Amino acid sequence: MNQSAIGWFLVSMAAYGVGEYLSKKYSLAPSPSLFFWAVVFYAFTAAAWLPALRIVQKLAVLGVVWAVAYAIVSVVIGVWMFEERLTAIHVAGIVLGIFATVLLSL
């Protein structure tokens, strides 16, 4: 991926991370403002996908990289910020996802 695609990718991941954080907070204590801001950040995440796809032009590769990155962001937020626990099977799945991303990025 070139620098511009990586930039869009990172912006999307940051927006997704904020959206995940807000959605988890909403699930713990629902409020209209948490709902609204989670949707806004998720929408921005989707909007950042389009320029990255235009640059990369490989839906199959970018889609898998995006999906694995989303999963990693969700896991990091869940484990570090909300003290969720992972089983050995969860960790194995994450490692395999990272390995798949590396292979697809070659």
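Taking the options G93, G78, G97, G17, name whichever one is surrounded by 13 or more Cβ atoms within 10 Å (Cβ to Cβ), in contact (Cβ under 8 Å) with a residue 60 or more places away in the chain and not aliphatic (A, V, I, L, M). Let's see the steps before the verdict.
On the way: G93 fails: in contact (Cβ under 8 Å) with a residue 60 or more places away in the chain; G78 fails: in contact (Cβ under 8 Å) with a residue 60 or more places away in the chain; G97 fails: in contact (Cβ under 8 Å) with a residue 60 or more places away in the chain.
Within the list G93, G78, G97, G17, the selection yields G17.
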For F9, indicate whether it is modelled with pLDDT of 95 or more, of a type outside the set (G, A, S) and either over 16 Å from V73 (Cα atoms) or under 14 Å from the mean Cα position of the chain (by Cα) (or both).
no
Single condition A29 does not satisfy, out of (1) farther than 18 Å from F9 by Cα; (2) modelled with pLDDT under 90:
(2)
Filtering the stretch 80-106 for residues that are of a type in the set (S, T, Y) and modelled with pLDDT of 90 or more leaves a count of 1
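Being surrounded by 13 or more Cβ atoms within 10 Å (Cβ to Cβ) and closer than 28 Å to L104 by Cα narrows it down to one of V65, V40, so name that one. Write out each step before concluding.
Numbers: V40 fails: closer than 28 Å to L104 by Cα.
Testing whether each residue is surrounded by 13 or more Cβ atoms within 10 Å (Cβ to Cβ) and closer than 28 Å to L104 by Cα leaves just V65.
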Does the stretch 25-57 hold any residues that are of a type in the set (S, T, Y) and either within 19 Å of S74 (Cα to Cα) or part of a helix (DSSP H, G or I) (or both), and which are they?
Y26, S27, S33, Y42, T45
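Mind telling me which of the residues V61, V56, V73 ends up being touching an Asp or Glu at 6+ places or on another chain (Cβ under 7 Å) and in contact (Cβ under 8 Å) with a residue 40 or more places away in the chain? Even if it seems obvious, please write down each step before you answer.
Working: V61 fails: touching an Asp or Glu at 6+ places or on another chain (Cβ under 7 Å); V56 fails: touching an Asp or Glu at 6+ places or on another chain (Cβ under 7 Å).
After ruling out the rest, the residue left standing is V73.
The values are calculated or read from the model by the stated rules, or taken from the named source; none is laboratory data. These numbers come from a predicted model, not from an experiment. In this analysis, Cβ positions are derived from the backbone assuming ideal geometry, glycine residues included, and neighbour counts consider all displayed protein chains.
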